[in-house]
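Colleague: Handing you this structure, nothing more for now.
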Amino acid sequence: MSTQSKPDLEPEASDLQPGTPEAPGRQRRHTLPASEFRCLTAEDAAGVFEIEREAFISVLGTCPLYLDEVKHFLTLCPELSLGWFQEGCLVAFIIGSLWDQERLTQESLTLHRPGGHTAHLHVLAVHQACRRQGKGSTLMRRYLQHLGGQPAVSRAALMCEDRLVPFYQGFGFSPVGPCAITLGPLAFTELQCSMRGHASRRRNSGC
């Protein structure tokens with residue numbers, strides 16, 4: 001389920017500024033980048049799930065992906081994920097997988113189809129302390145640029161609550177109708193976006 005509990009609708013003014021230089025003569029053994037975008041790995045799964053659990057369970061009563069499912073996708077298709085780290089700490093992430101049908105189905109929630117050409121965005125989440133700062137918007141732009149550099153991916157698809165449709169339309173997604181997937185009393189809209197025109201710019205990305 002690609003949705004945010006509290007969407008970041010504010011545009012990000014610019015990328016993060018470099019960290020404040022340290023005083024002369026003061027050295028650090030391990031210097032972490034002030035801001036880094038990179039694909040996630042199975043080792044990141046626990047941190048991913050902590051952010052996701054806080055973001056979704058209090059609002060929806062469930063998570064798009066549980067810990068074993070997070071590990072599953074980050075093992076099979078880490079190249080379809082993107083995490084934003086600040087000084088080594090995960091602050092926001094997107095997890096996706098490949099799908100090979102025209103529309104999303106119940107199976108698309110748990111399967112990765114390597115022969116598919118649709119990137120199914122399962123979840124976008126931002127750390128509680130970093131919401132309403134435009135991070136969701138910035139990460140989505142980066143993610144679509146990243147997908148645009150993968151020849152196998154021709155489009156992206158996701159499902160979200162109706163209130164989040166305008167957020168995703170701002171990135172070129174178009175509603176294609178009610179999603180076949182429901183979750184208890186919750187119904188979702190399915191949206192799709194062509195990757196044409198999304199050039200890959202991997203600046204500051206380890207993917």
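Colleague: Which number in (1) in contact (Cβ under 8 Å) with a residue 24 or more places away in the chain; (2) closer than 21 Å to Cys77 by Cβ; (3) open to solvent by less than 10 Å² (accessible area, probe 1.4 Å) marks the one condition that Phe173 misses?
Modeller: It fails just one condition, (1).
Colleague: Determine whether Leu158 is crowded, with 24+ Cβ neighbours inside 10 Å and in contact (Cβ under 8 Å) with a residue 60 or more places away in the chain.
Modeller: Here the answer is yes, as Leu158 does meet what is asked.
Colleague: Which of the residues that make up the stretch 116-153 are among the small types (Gly, Ala, Ser), under 17 Å from Gly172 (Cα atoms) and crowded, with 24+ Cβ neighbours inside 10 Å?
Modeller: Matches in the stretch 116-153: Ala119, Gly136.
Colleague: If Phe85 satisfies every condition in (1) open to solvent by 30 Å² or more (accessible area, probe 1.4 Å); (2) within 15 Å of Thr41 (Cα to Cα) but one, which is the exception?
Modeller: (1)
Colleague: I've got another one for you. What's the total number of residues in the stretch 44-102 that are in a helix (DSSP H, G or I) and at positive phi?
Modeller: Count: 0.
Colleague: Considering only residues of the stretch 176-193 that are in contact with a Ser or Thr (Cβ under 9 Å, 6 or more places away or on another chain) and either among the aromatic types (Phe, Trp, Tyr) or not in a strand (DSSP E or B) (or both), which is surrounded by the most Cβ atoms within 10 Å (Cβ to Cβ)?
Modeller: Phe188
The values are calculated or read from the model by the stated rules, or taken from the named source; none is laboratory data. Only a predicted model underlies this, so the values are computations on that prediction, with no experimental measurement involved. Cβ sites come from the backbone with ideal geometry, for glycine too, and all protein chains shown count toward neighbours. Surface areas here come from the heavy atoms of the whole protein model, side chains and all, with no ligands, DNA or RNA. Shrake-Rupley method; radii C 1.70, N 1.55, O 1.52, S 1.80 Å.
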